[in-house]
Amino acid sequence: MMQCQQHLGARRGVSSRVGATQRATLSSKRATRVQSTVETKNNKANVSSVATEEPLLLRAVRGENVERPPVWMMRQAGRYMKSYQDLCKKYPTFRERSEIPELSIEISLQPWKVFRPDGVILFSDILTPLEGMNINFDFIQGKGPVIEDPIRTMAQVEKVCKLDPALAVPFVGQTLEALSKEIGNESTLLGFCGAPYTLASYIVEGGSSKNYTNIKKLAFNQPEVLHALLAKLADGMIDYLCYQAESGAQTVQIFDSWASHLSPVDFEVFSLPYIKQIVSGVKARQPDLPIILYISGGAGILERMADTGVDIVSLDTSLDITDARRRIDDKCGIQGNIDPCLILAGNKEAITKRVHDTIEQGKGTKHILNLGHGVLPGTSEENVGHFFDTAKNFRW
């Protein structure tokens, strides 16, 4: 633990992301405005919020009868919005935008203010908690995430620390607390984390990869090393998700983005047990917290996804909802799964039809309307608005 504390202190002392002066300037400029916005919102909602039901998404995930399925979009805060693009010009690094609470709050709320989705998700990244575990990383323009020292030996795994989220990533808690006050009961606040195998993929490969040869060589030649790393990551993500829930997150999503690169038999060894570990660990401490699992390209392991104990499995576009429901026998609810390219293309009649068809396919089970993947850069806000309007205007 001392090693971790020293590491965190050193990282803060030489922070290349955001200088103290810049943080102070941002705080002085934005804190008053953010607080004023929250107070105004709360004052306006004081009378109604007491009598208002819990947010639609939360009620749907719990299996209550709802007038329509809730709707939000993965990556709904970010690259396609002009307000985000303008902010990027002033604050060019992703870590500035995701680790300064005032910026993360503003970005998280940008789609909320325009489209009023039923879910507002924390603007952050799955790698964010890693430095609190003594795993250094950064985001390089045009290259993506880079791990400074890829982990491939047991000696390196032994240096991975236990995560203390309140110490390592206090800005995540601050952002969630502010978002919770801002949206109140009008929307559900979502947190998230990366699944251990996907986090390990970045950590072992040193960043993004096409073939994931390094982590697979580790899995097949030194499985004990990979299992030791995965176990530490799973413990860290339990603490991280519980911290998010304590800070205001009402639902959380686990992203196992690269698990589909495993064969089903290897998924059962190197991913499934650790997702189950997270779900059981979080549920033991936060039994009422709904958990969603998303695996891109997960059609071949759908039944295994449903066996993790999560409340909702999020489907990508390779799956038909009717078939998916039959395969898992409605063991859990579903999220998805409209093709983001349909929203990008912008044929409003086609969007309307697909939204209505997808809703009908989800009738009779817990269903959150979403995309099969994140909204694509270049998608017009008009198209996104039509998607949300169509979904929100639907009634059974």
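General observations
- Residue among Pro129, Leu302, Thr175 farthest towards the positive dipole end of the chain, charges placed on Cβ: Thr175
- Just so you know, the Cα atoms of the range 163-236 work out to an Rg and Dmax of 16.8, 51 Å.
- Positive minus negative residues near Pro117 (Lys, Arg vs Asp, Glu; Cβ under 14 Å): 0
- Charge dipole magnitude, Cβ of K and R +1, D and E -1 - the chain, Cα centre, debye nearest 20: 780
- Projecting label points 7 angstrom from Cα along Cα→Cβ for Asn393 and Asn221 puts them 5.9 nm apart.
- The accessible surface of the range 98-153, taken with every protein chain in place and a 1.4 Å probe, is 48 percent carbon and sulfur.
- Excluding same-chain neighbours fewer than eight residues apart, the lysines reachable from Lys181 by a Cα-Cα span under 16 Å are Lys41, Lys44, Lys113.
- Shown is the FRET efficiency for Arg62 and Lys353, computed with R0 = 35 Å from the Cβ-Cβ distance and rounded to the nearest 0.05: 0.75.
- Working ranking of peptides 211-217, 183-189 by packing, defined as the average number of other Cβ atoms within 10 Å per residue, highest first, is 183-189, 211-217.
- P(r) tail for the range 308-374: Cα pairs beyond 20 Å make up 24% of the total.
- Measuring how big the range 54-209 is from its alpha-carbon positions, Rg and Dmax come out at 17.3, 55 Å.
- Segments 302-308, 218-224 sorted - mean Cβ within 10 Å per residue, highest first: 302-308, 218-224
- Rg/Rh for the chain, where both radii come from Cα atoms and Rh is the Kirkwood radius: 0.95
- Taken along the Cα-to-beta-carbon direction at a fixed 7 Å, the label points for Glu158 and Asp339 span 5.3 nm.
- For Thr93 and Leu376, the FRET efficiency from 1/(1 + (r/R0)^6), where r spans their Cβ atoms and R0 equals 25 Å, is about 0.65.
- R0 of 56 Å, Cβ-Cβ distance Arg326-Lys181: FRET efficiency to nearest 0.05: 0.85
- Residues in the range 183-278 average 31 Å² of solvent-accessible surface per residue, probe 1.4 Å, ligands and nucleic acids excluded.
- 20 Å tail of the calculated P(r), the range 153-306, as % of Cα pairs: 51
- Value of relative contact order over the range 56-393, rounded to a whole percent, pairs C-alpha under 8 Å and six or more apart: 20
- Highest average packing first - 91-102, 136-147, Cβ atoms within 10 Å: 91-102, 136-147
- Potential lengthening of the chain between Glu53 and Gln174 amounts to 41.0 nm, from the contour at 0.36 nm per residue minus the alpha-carbon distance.
- The calculated 222 nm mean residue ellipticity attributable to helices in the chain amounts to -16500 deg cm²/dmol, summing -39500 (n - 2.57) over DSSP H runs of n ≥ 4 and dividing by all residues.
The values are calculated or read from the model by the stated rules, or taken from the named source; none is laboratory data. All figures in this text were calculated on a predicted structure; none of them were measured in a lab. Ideal geometry is used to build each Cβ from the backbone, glycine not excepted, and the neighbour counts take in all protein chains shown. To get the accessible areas, we keep the full protein, side chains included, count just its heavy atoms, and leave off ligands, DNA and RNA. Shrake-Rupley method; radii C 1.70, N 1.55, O 1.52, S 1.80 Å.
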